[in-house]
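Structure record follows, encoded as structure tokens.
The values are calculated or read from the model by the stated rules, or taken from the named source; none is laboratory data. As the structure is a prediction and not an experimental result, all values here were calculated from the model. Cβ coordinates were reconstructed from backbone atoms using ideal geometry, including for glycine residues, and neighbour counts include every protein chain displayed. Only protein heavy atoms, including side chains, enter the accessible area calculation; ligands, DNA and RNA are left aside. Shrake-Rupley method; radii C 1.70, N 1.55, O 1.52, S 1.80 Å.
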Amino acid sequence: MWAELLPVGRSAASGGYRRFAWNTADAECRAWFEQQARDRGLGYELDRNGNQWAWLGDPAAGDAVVTGSHLDSVPDGGAFDGPLGVVSSFAALDELRARGARFTRPLAIVNFGDEEGARFGVACIGSRLTTGVLSREAAHELRDADGVRLPDAMERAGQDPTAIGADGERLARIGAFVELHVEQGRHLAEHQPVGVASAIWPHGRWRFDFQGEANHAGTTRVEDRRDPMLTYATTVLAARKKARLAGALATFGKVAVEPNGTNAIASLVRGWLDSRAADEATLAALVGEIERAAAERGERDGVRVALTRESYTPVVDFDGPLRDRLAAVLGGAPVLPTGAGHDAGILASAVPTAMLFVRNPSGVSHSPAEHAETADCLAGVTALADVLEDLACQ
């Protein structure tokens, strides 16, 4: 399974992946998922929000145990973030069947759509729509960098955009959701290969618009310039300093410039801030400080600054009894928080949810260098199979 997925959406130039929502690579990943389901005799289903489901047992019976993750990527992302959870879910089912396990609850494997938000700027679109965190109306307003609307992209891929929205009936079928994911950090580096998540830090994405005045780079006097690039650059530095002092994280990783000419002073710079902290009060205070720093510098530069919050996820504490049960099944596995968002974090508001992490020796993620050792990945499959057997089998 791993070998089949490796070439899909991979850039020859960077070695990273460009599996974005509703593009050709995404379609290939979806076709792979459907084939894996059918090869195992599972019931295949595509829901109204573009999420794929593979069912063992009757979904209508309720109290189902669900596992899975996502197959899309960030721009030039690694091979493990998302796909490891989906591949491991199918492999864990194979392991349980080899053990002769008797299922007493329905089991489903899911591939959530557009988890990374790389194309339309909002993470976890598939799970946010399902839980109602993202409304149909808000989703219909989303556009990619080329101006393509989300509903148009969905329609071109064969999905009905008018049907998207909260799916309470589907959520009511789920008794527990367990997502396996490569660790995005190095907490497990000196521990055992599999850990259990305790919580997800609150996090969000904010767009800063720095509006200045376009002019000639070679003839405009310094004192006559209204250069938004200066305000943007100062804000990036301020974000790093203030995050460090707060024990939090703040990253400007995406920028767009108009008119984007080498010999032109920019008229507009848009910078996207990703910020995360251990608690919501710290995060709110940090973003507020970064906004004030931007506004103060903008006033000096003659640049107007506007801030728009594009997405936000509050702190997620995973279901305590389920978390403790998983840790016990795995013989006292390490329990650790994470600063990374996941579909499991979105579903946690609606169903009992837990996560397993597979050791990442370097801690690198969202990069072609992302890696997990084969032995650790196999340990993850065994751990997931043990957990699913405890939850779904007699």
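Things worth noting here:
- Applying 1/(1 + (r/R0)^6) with r as the Cβ-Cβ distance of ARG240 and ARG102 and R0 = 45 angstrom yields a FRET efficiency of 0.25.
- Judged by the ratio a/c of the largest to the smallest principal axis of the C-alpha gyration tensor, the range 52-141 counts as oblate, that ratio being 1.5 or greater while a/b is no larger than b/c.
- Net charge of Cβ neighbours under 13 Å - reference TRP201; Lys, Arg +1; Asp, Glu -1: -3
- Kirkwood hydrodynamic radius of the chain, from the reciprocal of the average inverse Cα-Cα distance over all distinct pairs: 22.1 Å.
- Mean residue ellipticity, 222 nm, helices only, the chain: the sum of -39500 (n - 2.57) across DSSP H runs of n ≥ 4, divided by residue count and rounded to 500, is -10500 deg cm²/dmol.
- In this rough spin-label picture, where each label sits 7 Å from Cα along the Cβ direction, the ALA157-ALA285 distance is 4.1 nm.
- Compared with the rule-of-thumb size 2.2 N^0.38 Å for a compact globular protein, the range 156-273 has a Cα radius of gyration ratio of 1.67.
- Here the accessible area of the range 164-232 is 48 percent carbon and sulfur, with a 1.4 angstrom probe and all protein chains present.
- Label reach from GLU137 (point 7 Å along Cα→C-beta): in the range 155-188, amide nitrogens under 18 Å belong to 162-167.
- The chain - charge dipole about Cα centre, Lys and Arg +1 at Cβ, Asp and Glu -1, debye rounded to 20: 640
- For the range 279-335, the direction-averaged projected area of the alpha-carbon convex hull comes to 5.8 nm².
- Entry note: the range 98-181 has Rg to Rh equal to 1.07, where both radii use alpha-carbon atoms and Rh is the Kirkwood radius.
- Beta bridge orientation in the chain: antiparallel %, DSSP, nearest 5: 70
- Förster-model FRET efficiency, 30 Å R0, ARG149 and SER349, C-beta, rounded to 0.05: 0.65
- Cα gyration tensor shape of the range 240-335, rounded if a/c is under 1.5, else prolate or oblate by comparing a/b with b/c: prolate
- The range 167-210: C-alpha gyration tensor shape, a/c 1.5 cut-off, then a/b vs b/c: oblate
- Relative contact order for the range 226-282: 37 percent, from Cα pairs under 8 Å spaced at least 6 residues apart, divided by residue count.
- Projecting the Cα atoms of ALA340, ALA285, THR374 onto the charge dipole of the range 262-394, computed from C-beta unit charges around the Cα centre, puts ALA285 farthest toward the positive end.
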